[in-house]
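Trainee: To start, I am sharing the structure in question, which I have written as C-alpha cells.
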Amino acid sequence: ASNVAIGGKAYVFAGTSNITGSNIDLAVHEVYSQAGDSWANAVPLPVVRRETAYAGIGNDAYSFSGSTTNTVGGPGTPVFYYHAETYAYNSPGDSWGSRTNIPSPNRSGIRGGGVVENDCYVCSGMLAYDYGPGGGPYVSSRATSRYNSAADAWSEMQVGSYNSGHGLASDGSNYIWTIGGAQYLYHGVSPSLANYSVNSDTWGADDTALVG
C-alpha cells in the first residue's frame, strides 16, 4: 500500500490483498489519526493500483504510475500492466482528481517519491515489456521524473546510475536517495545506495551499501 503523512494523519491507499490467495489489487483508502489513535475510511482511489509512487505536498497526497495484475497465465502467474496516471487527493475536501500523466516509461515498485518544496521526484522503478501469459521479462528503469504540483507539469531529469530504488528518502532540501531494491532481468537483488542532487541534477553513488 501507499502511505502519506499530512497534518498529523496517515493516509494509506491502494495496494494488494492476498488473504484468499487471489492477489487482488485495491483502491481502498484509510486514514489514521494520531490524535485519536483511530482509523476511518476515506474516498477510494479512482482506480485499483499496486506499487505506486506516492508523496504528500501541502494538503494533497499524490499517487503516481503503478501497476495492476491480470491472471491471464493462470494461477500463480500474474501478468503485470504498468500505468502512467497521476492522481491527487485533497485531504480537506476528501476528494481525488486526475493530474498530468507521468511522461517517462510507466513503472511501479518505487515505494515513494522524494519531495523538495513543491516538486516530487519519481526515481527508478520496474518495467515489463512482455504482457503475455506469465509476464516479464521484468526490467528496471533508471529514469528520474520531476513533478511540479503547482504547475501540474512533468520534467525528465538526469538518468540514474542504478536500476534500483525500491526504497526512497529525501532530506527535503537537496538530496534524494534510492535505497536497495531489485535489479530486474529477472529478480536480482541490489544493495546499492545512490544519491541525487536536485540543485545540480546529478547522480552519485554512496560508498556504504546495504548489508544483510
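Trainee: If the chain between residue 173 and residue 100 were fully stretched, how many nm would it gain, using 0.36 nm times the residue separation less the Cα-Cα distance? Mind showing how you got there, number by number?
Mentor: On the way: separation 73, 0.36 × 73 = 26.28 nm, distance 2.43 nm.
Value of the extension gain: 23.9 nm.
Trainee: 7 Å from Cα along Cα→Cβ at both residue 59 and residue 90: what's the point-to-point distance in nm?
Mentor: Those two pseudo-labels are separated by 0.7 nm.
Just so you know, all these numbers are worked out from the coordinates, no wet-lab data involved. Note that the structure is predicted; figures quoted are calculated from it, not measured. Backbone-built Cβ (ideal geometry, glycine too); neighbour counts: all protein chains shown.
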